[in-house]
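A short write-up of the structure that comes next.
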Amino acid sequence: MKITKITVYQKNLPLSEPYWLSGGRLKFETLDATFIKVETDQGVTGWGEGTPWGHTYLPAHGPGIRSGLQTLAPALLSENPCQSNRIEYVMDKALPGHLYVKAPIDMACLDIHGQISGESLPNLLGGSFDVPTRVMSSISTGSPESMVALIEKYRALGYRGHSVKVGGSNTDLDIARVKAIEQDRREDERILYDVNRAWTRREAAIVMNAVGHLGATFEQPCETTADIAALRRITSSPISIDETLVSLNDMVEIAQNGICEVVNIKINRVGGLTKARRIRDVAIAHGIQIYVMATGGSALADAEAAALAQSIPEEFRLGCWSCQDMLAIDIAPGRGPRSKNGELWIPDTPGLGFVPDESLLGDPTATYSV
Ligand code: MG
């Protein structure tokens, strides 16, 4: 089997409401999404999506995906999409780094492999652990009262997990936010306080030690893994790392040095499912629990993340995210997994199991063919 054609689409995905990241320092209103269709000489077609959360959150850039594909796509034509490690090797040789460019290609190739083998993505990633994945809501930074009210809104929709944005130079306000939300927290509700690197070491130590008795988990409290390692030694709250977990080597370092108790694997950031599954395996081997999330995007991106989540045993799987619920448009109406009662479920259908409505994607921005 050979890849014969790669078609690239660009689509703006506006958010239903503006979104403020931790500390209120970054505002997001529209996501620049890239959709990729990979065709083969056997008539099987796979789809992938790459949607960074803007270009100010992580080193990822919507137009950068399309530029990178100009280099990658010619190298991939005539390759066998079912050979995921070889596809990964070819991409890494043709364009070192630029992981977020590679993730949608890897996704489309696994979609094809799944269709050929008759296996769902979770099965292709090692096997589905047949329990739906808890979806985490995403709670924008605000006053303690407004954040508690927003959690209540999601709770009414069935959500039992919330990723709450805190972080900023006002440590008193962050302490008040955490205390108010923890006081309001229901039994068995899972709350992740996501700082998005917004604290200095001092600010992190002040807040995390002030609420240390509450057992709350804080994600990416500081800029670097070294900063978090230093913080680990002087605080007791569980820590999650996402933004500085990029490579398998990062995961090994985190596990070996006991830097955090939780990781959040973002598929695009680590370069696709083929690389993400190895990070998953190291985390599980070291008793580190896992969130899996897209960096943003449509039902396709959510399905990709939920597929990896469903390949994680329940005792290690903390949750995923459903970015589609925050978008003002839907490029696959009525298709694909949708969060229901705060959970996402990937059915046992071959490959990704659905395609976007191509008529909603506009004209291709590029095509590459043999
Ligand atoms: Mg995060």
Long-range HN-HN contacts of Glu219 with modeled amide H, under 5 Å: Tyr193, Asp194, Val195, Ser240
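Mind checking Rg over Rh on the chain, alpha carbons, Kirkwood formula for Rh? The partial results should precede the final answer.
Numbers: Rg = 19.8 Å, Rh = 20.6 Å.
On the Cα set of the chain, Rg over Rh gives 0.96.
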Too-long pairs where the Cα-Cα distance tops 28 Å, listed order kept, from Lys37/Lys153; Lys2/Lys340; Lys153/Lys179; Lys5/Lys102; Lys11/Lys102; Lys11/Lys266: Lys37/Lys153; Lys2/Lys340
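Taking the DSSP beta bridges in the chain as the whole, what percent of them are antiparallel, to the nearest 5?
Details: 27 of 53 bridges.
Counting DSSP beta bridges with both partners in the chain, the antiparallel share is about 50 percent.
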Highest-MSF residue in the chain out of Ile290, Ile175, Ile279 [GNM, Cα springs under 10 Å]: Ile175
Net charge of neighbours whose Cβ lies under 12 Å from the Cβ of Glu243, counting Lys and Arg as +1 and Asp and Glu as -1: -3
Cα Rg, Dmax (largest Cα-Cα span) when computed across region 123-344, Å: 16.7, 49
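Relative contact order for region 123-344: what is it in percent, counting Cα pairs under 8 Å that are at least 6 residues apart? Present the calculation step by step, with values, prior to reporting the outcome.
Details: 418 pairs, mean separation 48.7, N = 222.
Taking the mean separation of contacting Cα pairs over the length of region 123-344, I get 22 percent.
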Two-site label geometry, Ser67 and Glu315: point separation in nm, points 7 Å out along Cα→Cβ: 4.7 nm
Distant-in-sequence amide H partners of Met293 (H built 1.01 Å from N, under 5 Å): Ile265, Lys266, Ile267
Percent accessible area from carbon and sulfur atoms, the chain, protein chains only, probe 1.4 Å: 49 percent
GNM top mover of Cys109, Cys82, Cys320 - the chain, alpha-carbon springs below 10 Å: Cys82
Dipole in debye (nearest 20) - region 123-344, about Cα centre, beta carbon charges: Lys, Arg +1; Asp, Glu -1: 220 debye
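Enter the accessible area per residue of region 123-344 (Å², integer; probe 1.4 Å; all protein chains in place). Could the numbers behind the result be given before it?
Details: 7860 Å² over 222 residues.
Value for region 123-344: 35 Å² per residue.
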Relative contact order (%) - criterion: Cα under 8 Å, at least six apart; region: the chain: 23 percent
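Considering only protein heavy atoms, with the full assembly of protein chains and a 1.4 angstrom probe, order Tyr154, Tyr19 by accessible area, largest first. The partial results should precede the final answer.
Values: Tyr154 40, Tyr19 15 Å².
Descending accessible area places them as Tyr154, Tyr19.
If I stretch the segment between Asn170 and Phe129 completely, what's the gain in nm (0.36 nm per residue apart, minus their alpha carbon distance), one decimal? Working shown, then result.
On the way: separation 41, 0.36 × 41 = 14.76 nm, distance 4.20 nm.
Between Asn170 and Phe129, full extension yields 10.6 nm more.
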Karplus (6.51, -1.76, 1.60) ³J(HN,Hα), θ = phi - 60°, over region 149-161, in Hz, Gly and Pro reported as x: 5, 5, 4, 4, 5, 5, 4, 5, 8, x, 5, 10, x
Descending semi-axes in Å of region 276-325, equivalent ellipsoid built from Cα gyration tensor: 21, 10, 8
Estimated FRET transfer efficiency when R0 is 35 angstrom, pair Thr56-Lys340 (beta carbons, to 0.05): 0.60
Computed log₁₀ I(q)/I(0) - Debye formula, equal Cα scatterers, no solvent, region 92-206, q 0.15 Å⁻¹: -0.84
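On alpha carbon coordinates alone, what is the Rg over Rh value for region 240-370, Rh being the Kirkwood radius?
Checking Rg against Rh, the ratio lands at 1.01.
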Phi to ³J(HN,Hα) by Karplus 6.51 cos²θ - 1.76 cosθ + 1.60 over region 307-320, Hz, x for Gly, Pro: 5, 5, 4, 6, 8, 9, x, 4, 5, 9, 9, 9, x, 9
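Once the piece of chain linking Asn80 and His213 is laid out straight, how much longer is it, given 0.36 nm per residue of separation minus the C-alpha distance between them? Could you put the intermediate results ahead of the total?
Working: separation 133, 0.36 × 133 = 47.88 nm, distance 5.31 nm.
Extra length available between Asn80 and His213 comes to 42.6 nm.
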Region 8-19 - phi-based ³J(HN,Hα) in whole Hz, Karplus 6.51/-1.76/1.60, Gly and Pro as x: 10, 10, 10, 9, 7, 10, x, 7, 4, 9, x, 10
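Cβ under 12 Å from Ala94's Cβ, Ala94 left aside: what net charge do those residues give with Lys, Arg +1 and Asp, Glu -1?
-1
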Antiparallel DSSP beta bridges within region 123-344, percent to nearest 5: 10 percent
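Add -39500 (n - 2.57) for each DSSP H run of 4 or more in the chain, then divide by its residues: what number comes out at 222 nm, to the nearest 500 deg cm²/dmol?
Working: 12 runs with 135 residues, N = 370.
After summing the helix terms and dividing by residue count, I get -11000 deg cm²/dmol.
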Cα→Cβ-extended label distance, 7 Å offset, between Thr349 and Glu17, nm: 3.1 nm
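The values are calculated or read from the model by the stated rules, or taken from the named source; none is laboratory data. On a predicted model such as this, the values are computed, not experimentally measured, just so you know. As a convention, Cβ positions derive from the backbone with ideal geometry for all residues, glycine included, and neighbour counts pool all protein chains shown. Heads up: the accessible areas ignore ligands, DNA and RNA and are worked out on the full protein's heavy atoms, side chains in. Shrake-Rupley method; radii C 1.70, N 1.55, O 1.52, S 1.80 Å.
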